[in-house]
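The next block holds one structure in the form of structure tokens; read it before the comments.
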Amino acid sequence: MTKPRRLLYSVCFMLSIYSKHRLSCNKLLERYPAGSNTFWRMASLLFCGPKLAACGLVLSIWGVIMLAMLGIFFTTHSAVLIEDVPFTEKDMEDGPTALQNIYNLYNQVGYNCFIAAAIYVGIGFLSFCQVRLNKRKEYLVH
């Protein structure tokens, strides 16, 4: 069974879960016969235009660099970033463990920056795939 036909059958299976959609499933199978490649082109993974995909790629690269550097600086306990650490008065009053509490907060903010950078890597990968799909679409003959 070809890939487009398998996808069509899986869509029909999902539609057939509810009895009211069985008729539309039969119409789909009639509209796109076994040798047809039309349904596969209809179910494309392309959802961004070329400019939006390129913008997402550039912003993702910038976000990864920025957040990775911030994560490094937070985990090395940079004194310049003390204003961005969410500590309270209770964290300062504990006496001998006050400095350790502040360092733990620095580390937590640094880990949050690394997690956000990883999310930006995922978005950058998605944008890169969209750029490639848009370039491939330019070369297709309609």
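The values are calculated or read from the model by the stated rules, or taken from the named source; none is laboratory data. Keep in mind it's a predicted model, so treat the numbers as computed, not measured. A quick note on method: Cβ atoms are made from the backbone with ideal geometry, for glycine too, and the neighbour counts reach across all protein chains shown.
Looking only at region 104-142, filter to residues that are hydroxyl-bearing (Ser, Thr, Tyr) and loosely packed, with under 14 Cβ neighbours inside 10 Å; which one of those is nearest to Lys51 (Cα to Cα)? If you could, list the steps in order and put the result at the bottom.
First pass over region 104-142, keeping only residues hydroxyl-bearing (Ser, Thr, Tyr): 106, 111, 120, 127, 139.
Next cut, loosely packed, with under 14 Cβ neighbours inside 10 Å only: 111, 139.
On the way: Tyr111: 32, Tyr139: 17 Å.
Only one residue fits best here, namely Tyr139.
For region 42-62, a residue qualifies if it is exposed (fewer than 14 other Cβ atoms within 10 Å of the Cβ) and at pLDDT 85 or above, and the qualifying residues are Phe47, Gly49, Lys51, Cys55, Val58, Trp62.
Hey, among Phe73, Phe39, which residue is over 23 Å from the mean Cα position of the chain (by Cα), surrounded by 14 or more Cβ atoms within 10 Å (Cβ to Cβ) and either on the phi > 0 side of the Ramachandran plot or modelled with pLDDT of 95 or more (or both)? Outline the logic, then answer.
Values: Phe39 fails: either on the phi > 0 side of the Ramachandran plot or modelled with pLDDT of 95 or more (or both).
Exactly one residue qualifies, and that residue is Phe73.
Filtering region 42-70 to residues that are more than 16 Å from the chain's Cα centre (by Cα), within 17 Å of Ile115 (Cβ to Cβ) and touching a residue at least 60 places away in the same chain (Cβ under 8 Å) leaves nothing.
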